[in-house]
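J.: Mind looking over this structure? Questions follow.
The values are calculated or read from the model by the stated rules, or taken from the named source; none is laboratory data. Note that the coordinates shown come from a computational prediction; the quantities given were computed from them, not determined experimentally. Glycine also receives a Cβ, built like all others from the backbone with ideal geometry; neighbour counts cover every protein chain displayed.
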Ligand code: NAP
């Protein structure tokens, strides 16, 4: 059970670091052939070396900015050339610059929307023909709890973009269903990435204390949710959002979280 992705072609946008690399690792371990993307060559190359060392599946990278249609078209072509098509697209690339609403410029909003919303739509659009040919096409978006479920100061534009991904998903799921393609989303809570590590131990401890399970998520734990959506067994699930957050969104107040401490 859940072994159907072995040998399939998987594209992970933003797979060179963080959650995307965790997703790529989980698919590579499941025997998939993975193409990751990003803009920075050193990071992408290092990720491929790390993932290839697992000795399962094949892993390649392509540089490109998801906010441009031409880069997304190249990505789909490269997956076709290297791995014979696209069976799974994980539209994961995203940015989260921190700026308060009172200081936010149009350029700040445009930048976040270009990658997180337009980039998601362009990556999906570019891969749809190959996903349709696959006969079991799967699209998994990396959204967030921030926006669809919660808010966080500094991330008004980011939260709006992550909620926008879910709006996109629901219509895309209907439009692509006749092609046998499913579209679902994973909504991570606070996940331990390289970027978070740079914020220091105090920040990490503060974040952990707001999670009922008492720890941050691991990047692979987002990957496992993406992997599930990509399996044949999940073929009847489409247009759905799955929160993976250690229970972070559940307590109605700090008091509720503290009351659970024994
Ligand atoms: P990250 O560590 O900063 O990695 C982001 C990845 O996306 C990198 O590979 C980056 O590579 C790539 N990327 C960024 N902009 C791109 C663009 N325009 N075109 C192509 N690639 C681009 O971020 P992360 O924390 O793993 O976040 C990944 C996704 O998870 C995002 O969608 C984010 O919203 C979501 N998320 C993260 C968390 C968390 O706790 N970390 C929580 C909820 C949701 P380059 O910079 O080289 O392009």
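J.: Where in segment 194-262 are there helices (runs of 4 or more DSSP H), lying wholly inside it, with at least 3 residues that are in contact with a helix residue (DSSP H, G or I) (Cβ under 8 Å, 6 or more places away or on another chain), at pLDDT 95 or above and within 15 Å of the ligand (Cβ to nearest atom)? Give the steps one after another, and end with the answer.
T.: Numbers: elements: 194-197, 201-208, 219-230, 254-259.
Correct list: 219-230.
J.: Still on this structure, please answer the following. Tally time: how many residues in segment 80-103 are in a helix (DSSP H, G or I) and touching a residue at least 40 places away in the same chain (Cβ under 8 Å)? Even if it seems obvious, please write down each step before you answer.
T.: Just the residues of segment 80-103 that are in a helix (DSSP H, G or I), to begin with: 80-83, 101-103.
If we keep only those that are touching a residue at least 40 places away in the same chain (Cβ under 8 Å) too, we end up with 80, 82-83, 101.
Here the count works out to 4.
J.: Looking at segment 213-262, which of its residues are within 30 Å of residue 168 (Cβ to Cβ) and over 18 Å from the mean Cα position of the chain (by Cα)?
T.: The initial filter retains those residues of segment 213-262 that are within 30 Å of residue 168 (Cβ to Cβ), namely 213, 216-252.
If the condition is that a residue be within 30 Å of residue 168 (Cβ to Cβ) and over 18 Å from the mean Cα position of the chain (by Cα), then 213, 232, 233, 235, 236, 247, 248, 249, 250, 251, 252 are the ones that fit.
Residue-wise test of (1) more than 15 Å from the ligand (Cβ to nearest atom); (2) without any contact (Cβ under 8 Å) to a residue 12 or more places away in the chain; (3) on the phi < 0 side of the Ramachandran plot.
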site	(1), (2), (3)
105	yes, yes, yes
114	no, no, yes
129	yes, no, yes
138	yes, no, yes
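J.: Anything in segment 23-44 that is within 12 Å of the ligand (Cβ to nearest atom) and either within 19 Å of residue 126 (Cβ to Cβ) or touching a strand residue (DSSP E or B) at 6+ places or on another chain (Cβ under 7 Å) (or both)? List them, or say none. If you could, list the steps in order and put the result at the bottom.
T.: Of the residues in segment 23-44, the ones within 12 Å of the ligand (Cβ to nearest atom) are 23-24, 36-44.
Residues satisfying the conditions are 23, 24, 36, 37, 38, 39, 41, 44.
J.: Here's another thing I want to ask about it. Would you be able to say whether some residue in segment 44-65 is closer than 22 Å to residue 164 by Cβ and modelled with pLDDT of 95 or more?
T.: For segment 44-65, residues closer than 22 Å to residue 164 by Cβ and modelled with pLDDT of 95 or more: present.
J.: Given the structure, is residue 194 out of contact with any strand residue (DSSP E or B) (no Cβ under 9 Å at 6 or more places or on another chain) and surrounded by 14 or more Cβ atoms within 10 Å (Cβ to Cβ)?
T.: In short, no.
J.: Kindly indicate whether any position in segment 61-79 is under 29 Å from residue 234 (Cβ atoms), in a strand (DSSP E or B) and either away from the ligand (no atom under 15 Å from the Cβ) or in contact with a helix residue (DSSP H, G or I) (Cβ under 7 Å, 6 or more places away or on another chain) (or both).
T.: So far as segment 61-79 goes, yes, one or more of its residues are under 29 Å from residue 234 (Cβ atoms), in a strand (DSSP E or B) and either away from the ligand (no atom under 15 Å from the Cβ) or in contact with a helix residue (DSSP H, G or I) (Cβ under 7 Å, 6 or more places away or on another chain) (or both).
J.: When residues of segment 11-40 are filtered for being assigned to a helix (DSSP H, G or I) and either within 21 Å of residue 115 (Cβ to Cβ) or touching a residue at least 60 places away in the same chain (Cβ under 8 Å) (or both), how many remain?
T.: Initial filter on segment 11-40 (assigned to a helix (DSSP H, G or I)): 18-29.
Adding the requirement that they be either within 21 Å of residue 115 (Cβ to Cβ) or touching a residue at least 60 places away in the same chain (Cβ under 8 Å) (or both) leaves 18-27.
So the count comes out to 10.
J.: All but one of (1) closer than 20 Å to residue 139 by Cβ; (2) exposed (fewer than 15 other Cβ atoms within 10 Å of the Cβ); (3) in contact with a helix residue (DSSP H, G or I) (Cβ under 9 Å, 6 or more places away or on another chain) hold for residue 101, so report the exception by its number.
T.: Residue 101 satisfies every listed condition except (1).
J.: Considering (1) outside any strand (DSSP E or B); (2) touching a residue at least 40 places away in the same chain (Cβ under 8 Å), say which one residue 49 fails and leave the rest.
T.: Just one mismatch for residue 49, condition (2).
J.: Collect the residues in segment 165-193 that are within 12 Å of the ligand (Cβ to nearest atom) and not in a strand (DSSP E or B), keeping them in residue-number order.
T.: Those that are within 12 Å of the ligand (Cβ to nearest atom) and not in a strand (DSSP E or B): 165, 189, 190, 193.
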